[in-house]
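Encoded as structure tokens, the structure appears first; notes follow it.
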Amino acid sequence: MPPRIYIIAATFTASIAQAAEVGAGGTAPDLGSSALQMVFGLILVLALLLGTLWLLKRISQPRGAAAGLMRVVAGVAVGTRERVVILELGNSWLVLGVAPGQVTTLAEIPRQEVPTIATTPAAKDFPAWLKQIIERREG
């Protein structure tokens, strides 16, 4: 028999033995205390999870002079697992090609100001833009 069968059989026989003990005059566990114990255990596990996540976040943050040394300016996906990323490093920008297990420097350019995205009049007044599009289709 495979090992899984042994585990299932042992669990099944243990539950049968416990049921027989309860039926033979043993005391069944109180439902209220079992539910309380389960809720307390769930709260404890969630608190440990949140504490661990907070600790990992604190540990992974760069400190000191390295905190402001590098910054990702922009990035775009060029394939399913490939990206082109602009990384600001001091007074220059590095254009990097990032693929699984490989990072390649494509170019190095002087630092520039990041252009702001101009909003079009349609983005400011969406209802008017939508009405204009509908009128064009109907007319």
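See the values below:
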quantity	calculated
Out of Leu96, Leu56, Leu106, sole residue that is at pLDDT 90 or above and either part of a helix (DSSP H, G or I) or of a type in the set (D, E, K, R) (or both)	Leu56
Tally of residues being basic (Lys, Arg) and either within 15 Å of Val114 (Cα to Cα) or over 23 Å from the mean Cα position of the chain (by Cα) (or both) across region 70-101	1
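The values are calculated or read from the model by the stated rules, or taken from the named source; none is laboratory data. Quick caveat: nothing in here was measured; it's all calculated off a predicted structure.
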